[in-house]
Structures are given as C-alpha cells and as structure tokens.
1. Would you compute, from DSSP H runs of 4+ residues alone, the mean residue ellipticity of the chain at 222 nm, taking -39500 (n - 2.57) per run and dividing by the full residue count, rounded to the nearest 500?
2. Compute the acute angle (0 to 90°) between the alpha-carbon long axis of helix 86-110 and the principal axis of greatest extent of the alpha-carbon atoms of the chain; round to the nearest 10°.
3. Working out 0.36 nm times the residue gap between residue 80 and residue 97, then minus their Cα-Cα distance, what length gain in nm do you get to one decimal?
4. Order by neighbour count: 169, 28, 177, fewest other Cβ atoms within 10 Å first, most last.
5. What list do you get for 55, 12, 175 if you sort them by fewest beta carbons within 10 Å?
6. Between 112, 129, 152, where does the largest GNM mean-square fluctuation fall for the chain, given springs only between Cα atoms within less than 10 Å?
7. To the nearest 10 degrees, how steep is helix 28-51 against the longest Cα principal axis of the chain, on a 0 to 90 scale?
8. At 7 Å along Cα-to-Cβ for each site, give me the label-to-label distance between residue 150 and residue 43 in nm.
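Quick note: the coordinates plus some simple rules give every number you see, no bench work behind them. Here the structure is a predicted model, which is why all the values come from computation and not from measurement. Note that we place each Cβ from the backbone using ideal geometry, even for glycine, and neighbour counts take in every protein chain shown.
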C-alpha cells in the first residue's frame, strides 16, 4: 500500500541518483541539502507511520532499503572521489553485502526469515557511518571546516564499529541457523 510514509520513503530512494549527480558535478552544497532532506524524510516517514498507525509490510522493507541505498551510494561515491578512505568504503560495502546475503540464504535454507533487529553495535555503526558522510559533506560544501585528525579518528571508529557489528550479525545468523537445525 502506497501511503504517506511509503511515499516519503520512495522519495528518499529517488533522491539517491540526484544526490550522486550533484556530488559528481561538484555541487557539494546542493548535494548536502539533498542528503539532509533525505535524512529528514527518514525521520518524518517513521513518525507519520507511528502516529497514524499506518505501518505496512512494504514500508518495513522499503525503509531500511532506502537507508542502506543512501549510505552505500554515499560511501561508494565519496570513496571514488577520494574523500573517504577506500578501505572504509570496502568495509561498509562488504558488511552490508554479507548481512544481506546471510539474511537471504537463511530464509532460503531454513525456510523462514530471520527477524532483523538492529543491535546496539548496528545502531552505533549507522550513526558513525552517517557522521562520516556528514562531516565529509559539510567540509566539501564549506559549511564546516573539519580537521583531518578528527576526520581520521571518526573514520577509524566507523571502520571498527562496522567490523564489530558485521561480525555480530554473522554470529546471530549462525545461531539462528543452528537453532533451526535442532530437532523440535
């Protein structure tokens, strides 16, 4: 069902190519504004869904997809542009590919989907990934001068959280699979 929250989520997905085009064209201030607006729609769609009791199965799948698409696209573009370390870009991509692959494999092999609850490490990772993108974008748009030392510290923390949360999700998936194989 395409309700208001789902429409906002779709707008966020459609904002990704616009954000990337602006970024590639070095229109950093406009790219940052699109990124911020995408973040605002993320908060608004969730609030509207809760307040109007209009949560849908479609929204439950589209919302995290929109978030991941924006974050991954940002890391890939900023990595290619040399604004984010390539190792960090690779860690972010590999973590999400491993999590998604594990989720799909588990659903196929076990025959039921695993509940995708974000862990505290997953939430910290998301925060640090978004902080990394925002700091780079603020610096590129000349809205804030970010020191290289601070940015490198944030990148290191983001990389560490990305690895730890990825390992945690893999272990959770293995436990789910193992539990599904035990006789009932």
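1. Working: 6 runs with 149 residues, N = 184.
Using -39500 (n - 2.57) per qualifying helix, the result is -28500 deg cm²/dmol.
2. 20
3. So the chain would gain 4.3 nm between residue 80 and residue 97.
4. Working: 169 23, 28 19, 177 15.
Fewest-to-most ranking of 169, 28, 177: 177, 28, 169.
5. On the way: 55 16, 12 25, 175 11.
Listed from fewest to most nearby Cβ atoms, that is 175, 55, 12.
6. Among 112, 129, 152, the largest GNM mean-square fluctuation belongs to 112.
7. So the helix axis and the longest Cα principal axis differ by about 40 degrees.
8. About 2.0 nm, to one decimal.
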